[in-house]
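Step one of this worksheet: look at the structure below.
Nothing in this text is a laboratory measurement; each read-out follows from the coordinates by a stated rule. Note that the coordinates shown come from a computational prediction; the quantities given were computed from them, not determined experimentally. No Cβ is skipped: glycine too gets one built from the backbone with ideal geometry, and neighbour counts run over all protein chains shown.
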Amino acid sequence: MKRMSRMGLLVAMLLASAQVLAAGPALLWELRDVRGNVRAWLFGTIHVCDEACFPLPGVVREAFAKADVLALELDPDDPQLVVQLRKAAALPPGTRLSERLPSELNARLERVAAGFGLPAEAIQRLQPWMVATVLSLQAAERAGYGASQGVDLWLARQARARGQPLVALETAKRQVAALGAGGDEAQLAYLAEVVDLVDSGEASTYFGALLQAWREGDVAALDRLLREEMAGEAMRPLLEALLDQRNREMAVRIDKQLKAGRRPFVAVGAGHLGGPSGLLAQLAGKGYRLRQLDDGAD
């Protein structure tokens with residue numbers, strides 16, 4: 001497989017396939033304390049999906065029903081997310097993205113954007129990370145997936161319908177800041193990777209690998225796809241800000257929820273789970289015992 005962008009898909013997030021999830025390991029872990037008591041569940045979600053994602057695996061629905069609070073990265077209905085995106089996404093007045101890009105990359109960018117019906121002038125007014133995000137989401141939509149059927153959104157609305165409290169592990173401002181982090185070199189490398197992914201027509205091949213790993217509950221494969229096949233040293237500072245640093249911060253907030261006596265169902269993007277800095281390792285380091293759960297046939 002040709003080396004392709006992982007960061008654009010990380011922002012657009014992991015997609016679910018139209019295939020029915022087979023029984024077997026789910027991206028769901030049970031957290032127990034030193035006494036052996038179940039204290040929480042940790043679920044790897046996908047933020048962009050289609051109707052075939054539902055119903056969620058039975059073991060996931062059962063754990064969600066047992067929890068007394070839902071903890072998400074963000075409340076998807078938080079109006080501050082749109083406010084913060086608009087505030088951070090625009091380039092300074094009088095500047096254009098093309099001024100920061102090699103001419104060849106700018107030409108490819110405008111061609112890819114035009115293929116999605118996006119006006120070149122609008123694209124030129126946006127920060128690189130926002131352009132990469134827009135292109136990634138457009139590619140997902142073209143493949144038949146949408147944010148309106150994301151798992152996080154479904155969980156949030158189910159929690160509200162049943163009167164279950166919802167806790168955000170981050171603020172909208174913090175998440176948006178992470179998207180724009182890493183410095184200019186990392187940001188431009190990120191955009192170049194997304195343009196290459198879409199322009200090459202190889203997105204569906206990479207989607208398939210992600211989908212297979214998600215269906216099989218294979219956190220190691222997901223981590224490998226998102227990290228080991230990540231392109232280049234230039235993007236490492238962005239990866240540190242977007243994943244590693246946020247994982248450490250979220251682990252602290254999850255631990256606080258447990259110490260406060262809550263029994264949360266924690267649902268975060270599946271890319272946050274694996275690896276030495278992932279939430280599984282972070283929470284194990286805080287003394288919790290984690291066990292991946294299997295889903296039997298419904």
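The figures follow:
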quantity: Estimated vicinal HN-Hα couplings, Hz - region 166-174 in sequence order (Karplus 6.51, -1.76, 1.60; Gly, Pro = x); calculated: 10, 10, 8, 7, 9, 9, 4, 4, 5
quantity: Residue exposure sequence - VAL151, VAL134, VAL82 - by fewest surrounding Cβ within 10 Å; calculated: VAL82, VAL134, VAL151
quantity: Region 182-298 - Rg and Dmax from Cα coordinates, angstrom; calculated: 16.5, 50
quantity: Fewest-first ranking of SER277, SER200, SER98, using other Cβ atoms within 10 Å as the exposure measure; calculated: SER200, SER98, SER277
quantity: Ascending count of other beta-carbon atoms within 10 Å, so fewest first, for ASP184, ASP223; calculated: ASP184, ASP223
quantity: Estimated distance in nm for a label pair at ALA107 and ARG263, the labels positioned 7 Å out from Cα along Cα-to-Cβ; calculated: 6.3 nm
quantity: Amide proton proximity set for THR45, modelled H, under 5 Å, gap of 5+; calculated: VAL268, GLY269, ALA270
quantity: Karplus-derived HN-Hα couplings along region 95-106 (A = 6.51, B = -1.76, C = 1.60, θ = phi - 60°), whole Hz, x at Gly and Pro; calculated: 10, 10, 4, 4, 5, 9, 10, x, 4, 5, 5, 5
quantity: Anchor LYS286: lysines whose Cα lies under 17 Å away (excluding residues fewer than 8 positions away in-chain); calculated: LYS256, LYS259
quantity: Built amide H within the under 5 Å cut-off of ARG263, gap 5+; calculated: ASP68, VAL69
quantity: CD proxy at 222 nm, helix term only [per DSSP H run n ≥ 4: -39500 (n - 2.57); per residue of the chain; nearest 500]; calculated: -13500 deg cm²/dmol
quantity: Folded to 0 to 90 degrees: helix 128-142 orientation relative to the chain principal axis, Cα; calculated: 70 degrees
quantity: Alpha carbon convex hull of the chain, projected area averaged over orientations, nm²; calculated: 14.9 nm²
quantity: Radius ratio Rg over Rh of region 160-242, counting only Cα atoms, Kirkwood formula for Rh; calculated: 1.07
